[in-house]
Amino acid sequence: MKRRLLLPYCLAMLTTAGCSMAPYQHSPEDTTKAADSPAKERPQAAKPAKPEPTRSPSELLKASLYQRHQEWKGIPYRLGGMSRRGIDCSALVYLIYRDHMGVQLPRTTRYQAVAGKAIKQGQLRPGDLVFFRTGRRGRHVGIYIEDGKFLHASVSRGVTISHMTDDYWKSRYWRARRLELESSSES
């Protein structure tokens, strides 16, 4: 009984397969329908992608500083520390400049405060060092990002971004320094 069904089944398969493999032939109706159809149904040429605008060195540096913040965010402050177990403010600045900007800085805030050239607070650009007097002899350093924001290792919050207009930082602002950066190392 199974043999009797095999022949009709094979014939049905061959005829349907033959139909699906036949080349498509256009009829006159197809061309009139295509002309009447809306543009969205007709194939469109692919539009070239718009190239992304070239980012300035300043924009690249800001992006890099925000990336460094994400890498170090929340690492606790530890005086003299230089690792993910704990880091102080000058070590954070030292490591970011060394590893991501290709600049060798002194290790301590005292010597970082005389590196580069002095600038006024109104001249701050991304990557500038900002210094604060935090006590009779205490000094603190961070890296300016933009719009009054700076990246630093806070004693109370660990590595964070703070704003220079916050009352605490505003009243303790001391000076700013600018270092020469190579544009190729601002990544």
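Quick notes on this one:
- At R0 = 25 Å, FRET efficiency that the Cβ-Cβ distance of residue 71 and residue 146 yields, to 0.05: 0.85
- Residue-span extension gain [residue 115 to residue 84] - 0.36 nm each, minus C-alpha spacing: 8.6 nm
- Cβ-based net charge around residue 155, under 13 Å, with every Lys or Arg adding one and every Asp or Glu removing one: +3
- Percent carbon-and-sulfur accessible area, the stretch 76-136, ignoring ligands, DNA and RNA, probe 1.4 Å: 50 percent
- Here the gap between residue 165 and residue 134, fully extended at 0.36 nm per residue and compared with their Cα-Cα distance, gives a gain of 9.6 nm.
- In terms of packing, defined here as the mean over residues of other Cβ atoms within 10 angstrom, the peptides 148-155, 75-82 line up highest first as 148-155, 75-82.
- Taken along the Cα-to-beta-carbon direction at a fixed 7 Å, the label points for residue 123 and residue 108 span 2.7 nm.
- Restricting the GluC sites (Glu not before Pro) of the stretch 127-187 to loop positions (DSSP other than H, G, I, E, B) with no more than 14 neighbouring Cβ atoms within 10 Å leaves 180, 182.
- Environment charge at residue 120 (Cβ cut-off 14 Å; Lys +1, Arg +1, Asp -1, Glu -1): +4
- Computed with a 1.4 Å probe on the full set of protein chains, the accessible area for residue 130 sits at about 0 Å².
- On the basis of the beta-carbon distance and an R0 of 30 Å, residue 63 and residue 98 show a calculated FRET efficiency of 0.95.
- Net charge over other residues, Cβ less than 12 angstrom from the Cβ of residue 132 (K, R count +1; D, E count -1): +4
- Largest first, the three principal axis extents of the alpha carbons in the stretch 111-187 are 36, 22, 22 Å in whole numbers.
The values are calculated or read from the model by the stated rules, or taken from the named source; none is laboratory data. Keep in mind it's a predicted model, so treat the numbers as computed, not measured. FYI the Cβ positions are ideal-geometry reconstructions off the backbone, even for glycines, and counts take in every protein chain you see. Please note that ligands, DNA and RNA were not included when accessible areas were found on the heavy atoms of the full protein model with its side chains. Shrake-Rupley method; radii C 1.70, N 1.55, O 1.52, S 1.80 Å.
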